[in-house]
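Below you'll find the structure, written out as structure tokens, and then a few comments.
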């Protein structure tokens, strides 16, 4: 069973809707799934052969690339990486 990631991503206060959508589009392209009921939360899964350290590194790269591609300079991120499924309720 591969690692699962729960991420919350808060973009700068005055980021335009266009830039926000660019970030979201990039993350979706990288196989992130936005949690429908939570406005800043995302999840993704990794194959069994990916280590925890590699999963965290990939998450950082995805977020850095997504925000740079949209021109977003300020953001805050928290991730939880583990083997259990992300539960929504």
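Would you confirm, using the coordinates I've provided, whether residue 60 is surrounded by fewer than 18 Cβ atoms within 10 Å (Cβ to Cβ) and touching a strand residue (DSSP E or B) at 6+ places or on another chain (Cβ under 9 Å)?
Considered against the rule, which asks whether it is surrounded by fewer than 18 Cβ atoms within 10 Å (Cβ to Cβ) and touching a strand residue (DSSP E or B) at 6+ places or on another chain (Cβ under 9 Å), residue 60 comes out as yes.
State the number of residues belonging to the range 58-88 that are touching a residue at least 60 places away in the same chain (Cβ under 8 Å) and not in a strand (DSSP E or B).
The total comes to 7.
Quick one: which residue in 41, 69, 45 is at pLDDT 95 or above, under 21 Å from residue 14 (Cα atoms) and touching a strand residue (DSSP E or B) at 6+ places or on another chain (Cβ under 6 Å)?
None of the other options fit; the residue is 41.
Out of the residues in the range 72-89 that are modelled with pLDDT of 95 or more and surrounded by 12 or more Cβ atoms within 10 Å (Cβ to Cβ), state the one that is nearest to residue 23 (Cα to Cα).
Per the stated criteria, the residue is 72.
Rundown of residues vs (1) touching a residue at least 60 places away in the same chain (Cβ under 8 Å); (2) assigned to a loop (DSSP other than H, G, I, E, B), yes/no style:
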| site | (1), (2) |
| --- | --- |
| 8 | yes, no |
| 14 | no, yes |
| 21 | no, no |
| 24 | no, no |
| 31 | no, yes |
| 43 | no, no |
| 56 | no, no |
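The values are calculated or read from the model by the stated rules, or taken from the named source; none is laboratory data. No experiment lies behind these values; they were computed from the predicted model shown. Methodologically, a virtual Cβ is constructed for each residue, glycine included, from the backbone with ideal geometry; neighbour enumeration extends over all protein chains shown.
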